């Protein structure tokens, strides 16, 4: 859960470098019917946070996180998160599955499958 806390904190801080530090590469994201593969850090769109804020996004919060499967080096986490505007109104809530792996002596997000855009 610590890795997911760091993931969300970096996301909300709009800190791309810290956000990517919570990943393992290659990193996979399945959303909106598309699989996106980031082979290494630095491949995120530079305007990622600008695009999100232009849609009204201010911050996100976990609604729930539940480990559904785990081994010594891989964990599947059933999650739900909500995106909010600055005034606290909800943009949307999204069920997701996050897969974390233990590689190179640390836990990181290896894959995300989400119903978010």
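The values are calculated or read from the model by the stated rules, or taken from the named source; none is laboratory data. Keep in mind that this is a model prediction, so the values were computed, not measured. Positions of Cβ are generated from backbone atoms using ideal geometry, with glycine treated the same way; all protein chains shown enter the neighbour counts.
The listed residues are 72, 66, and the only one of them that is within 17 Å of the chain's Cα centre (by Cα) and either closer than 18 Å to residue 2 by Cβ or at pLDDT below 95 (or both) turns out to be 66.
Under the condition of being surrounded by 12 or more Cβ atoms within 10 Å (Cβ to Cβ) and over 20 Å from residue 65 (Cα atoms), the residues counted in the range 1-19 number 5.
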